[in-house]
Amino acid sequence: MKYFQAKATVVDADMDGDRALLDLEENTYFTLNPTASTIWAAISEPQPLQVLVTEVTEKFDVSEEECRSDVEALLQDMVAANLVNEVEA
């Protein structure tokens, strides 16, 4: 099973409900909307996809089916941007 975890070299700060991320290794800056910020907060520890989908569906008015595909896409973007590690458990 795949788990997702924020890289330790990425620092974040709250910006009025959004989050700003700075990758200290790559010196790149990203901003996250409230939904992505919810996921970011959850992946401070390794989490499977289902836990992240549940976090979002409990906080926002979205179906699990729609949420799952959006969360998967976001996680893949974060992995590609070197913000998140994919780990096997």
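The numbers here are math on the coordinates, done by the rules we state, and not lab data. These figures come from a predicted structure and were not determined experimentally. Reconstructed Cβ throughout: ideal geometry from the backbone, glycine too, with neighbour counts over all protein chains shown.
Based on Cβ point charges of +1 for Lys and Arg and -1 for Asp and Glu, what charge dipole magnitude is obtained for region 23-89 about its Cα centre, in debye rounded to the nearest 20? Please list the in-between numbers first.
Values: 2 positive and 15 negative charges, 29 e Å.
Dipole of region 23-89, to the nearest 20 debye: 140 debye.
If I fit a long axis through the Cα atoms of helix 49-59 and take the longest principal axis of the Cα atoms of the chain, what angle between them do I get, 0 to 90°, rounded to 10? So the inclination is approximately 80 degrees. Placing unit charges on each Cβ (+1 for Lys and Arg, -1 for Asp and Glu) gives the chain a dipole about its Cα centre, and among Thr28, Val79, Ala89 the Cα reaching farthest toward its positive end belongs to Ala89. For region 1-42 versus region 52-89, the inter-centroid distance based on Cα atoms is 13 Å. Computed from label points 7 Å out along Cα-Cβ, the spacing between Glu64 and Val51 is 1.8 nm.
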